Amino acid sequence: MNDLDLFVADLREMLTAEADPERAAGMRAYLRDRFVFFGIGTEPRRRLLRTFVARRGGWPKVEQAKELSRMLWSQPEREMHYCGQELLEKRLRLLGPGDLALIEELLTHQAWWDTVDVLATKLASDILKRHRDQLVHATTRWLDSGDLWLQRTAILCQLKWKGETDTAVLVTAIERTRESPEFFLRKAIGWALREYARTDPDWVRDYVDRTALSPLSRREALKHLG
């Protein structure tokens, strides 16, 4: 067993020792029985992970973090996926356009909104904000994929960019998805517009007024605009 295998095995042992079956049942139900859980909440899990990596001499280096994220993603328990995601977040500034393939792999496996939204609005977002020349290429690829979660990522990847938002890219993502019946795309459209309204409310009002959006997208977009 190599060091990475030991890392995964030892982390599993630590989390298993903290498992709460009653809480796990509720967490599983919340995500529509798509995943199994140890039953460890977000903050306790993060504390456990910090303690775990400190005992091992610190956070894994970037190449190890990437491989560990894949390994942890292959585990059945959702908390293992969250830990894999957090290992990548710790090395986020060292990730570049070449790592978007890994992000896409995680976005499309064991996929549900809870991991997708972090991958989209933190990891993919940070890479693309630092490498703006990749934005159009990446979002076009995601929109063309036909994959629900990649398309959601194309809509949400600029969520926190405020005045740096490329509205042409945002509009393209919305136009390509606004007629979809998928709840998670309609919700994402509204969320992205609502967030950008904090920066340019007039632009959002105008866009919503002249665009045929679903009632859900429209309601979410205008939620705080009165």
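Residue 99 meets the conditions (1) under 23 Å from residue 2 (Cβ atoms); (2) under 13 Å from the mean Cα position of the chain (by Cα); (3) not assigned by TED's automatic domain parsing to the domain that holds residue 13 in every case but one. The failed one is (2). Only one entry of 85, 75 meets the criterion of being touching a residue at least 24 places away in the same chain (Cβ under 8 Å), of a type in the set (S, T, N, Q) and more than 28 Å from residue 135 (Cα to Cα), and that entry is 75. Being at pLDDT 95 or above and either within 12 Å of residue 128 (Cβ to Cβ) or surrounded by 19 or more Cβ atoms within 10 Å (Cβ to Cβ) (or both): is that true of residue 164 here? Judged against the criteria, residue 164 is a match.
When we screen 160, 223, 187 for residues that are of a type in the set (D, E, K, R) and closer than 24 Å to residue 93 by Cα, the only hit is 160. Among all positions in the stretch 175-196, there is at least one residue which is among the β-branched types (Val, Ile, Thr) and under 18 Å from the mean Cα position of the chain (by Cα).
Can you report the number of residues in the stretch 33-65 which are more than 17 Å from residue 84 (Cα to Cα), within 20 Å of the chain's Cα centre (by Cα) and free of Cβ contacts under 8 Å to residues at least 24 places away in the same chain? Qualifying residue count, the stretch 33-65: 1. Note on the stretch 15-32: residues that are farther than 16 Å from residue 83 by Cβ and among the hydrophobic types (A, V, I, L, M, F, W, C) total 3.
Of the residues making up the stretch 1-44, those that are out of contact with any Lys or Arg (no Cβ under 6 Å at 6 or more places or on another chain), surrounded by 11 or more Cβ atoms within 10 Å (Cβ to Cβ) and part of a loop (DSSP other than H, G, I, E, B) are 18, 19, 20, 31, 34, 38, 40, 41. Scanning the stretch 170-203 for residues that are farther than 22 Å from residue 106 by Cβ, hydrophobic (A, V, I, L, M, F, W, C) and crowded, with 20+ Cβ neighbours inside 10 Å gives 170, 174, 189, 193, 197.
The values are calculated or read from the model by the stated rules, or taken from the named source; none is laboratory data. As the structure is a computational prediction, the values presented were derived from the model and not from experiment. Quick reminder, even Gly has a Cβ in these numbers, built from the backbone with ideal geometry, and neighbours come from all protein chains shown.
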